[in-house]
């Protein structure tokens, strides 16, 4: 992960969001109440992917993204790996939105980041490399 790019982080979050969205939509009784939230996260990550790749030129929507709020309020305790992936994408989006040179999550505090990732890998092996 230490060679990852901003796009790698966003795509990792997107793949896990798509997995969660599919599961909620098709496998959870009552999932229709949560489906719009998961769909919103997927759409925001697709937009962010497109901003990073240059397909999307309008960066103004970055300031209206809500997935960080979901990560903090909904997933931090019940789905920590999803919260981590969304949090990394939001961290990158905030820097892009602020016109800053992007510092990646693993660059901010490498040791802490590595320890957190090792813990997530051991606790969530089915989702870690999605």
Quick one: would you say residue 76 is modelled with pLDDT under 95, under 21 Å from residue 17 (Cα atoms) and touching a helix residue (DSSP H, G or I) at 6+ places or on another chain (Cβ under 7 Å)?
-> yes
Would you pick out the residues in segment 79-130 that are assigned to a loop (DSSP other than H, G, I, E, B), over 30 Å from residue 24 (Cα atoms) and either under 16 Å from the mean Cα position of the chain (by Cα) or in contact (Cβ under 8 Å) with a residue 12 or more places away in the chain (or both)?
-> 102, 103
Can you name every residue in segment 54-73 that is surrounded by fewer than 11 Cβ atoms within 10 Å (Cβ to Cβ) and closer than 19 Å to residue 16 by Cα?
-> 73
Do any residues in segment 32-61 that are more than 16 Å from residue 74 (Cα to Cα) have Cβ atoms under 6 Å from those of residues that are part of a helix (DSSP H, G or I) and at pLDDT below 95, where the two are at least six apart or on different chains, and which pairs are they?
-> 44/67
Please tell me if residue 69 is farther than 18 Å from residue 5 by Cα, assigned to a helix (DSSP H, G or I) and modelled with pLDDT under 95.
-> yes
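The values are calculated or read from the model by the stated rules, or taken from the named source; none is laboratory data. Note that the coordinates shown come from a computational prediction; the quantities given were computed from them, not determined experimentally. Here Cβ is always computed from backbone atoms with ideal geometry, including for glycine, and neighbour counts include all displayed protein chains.
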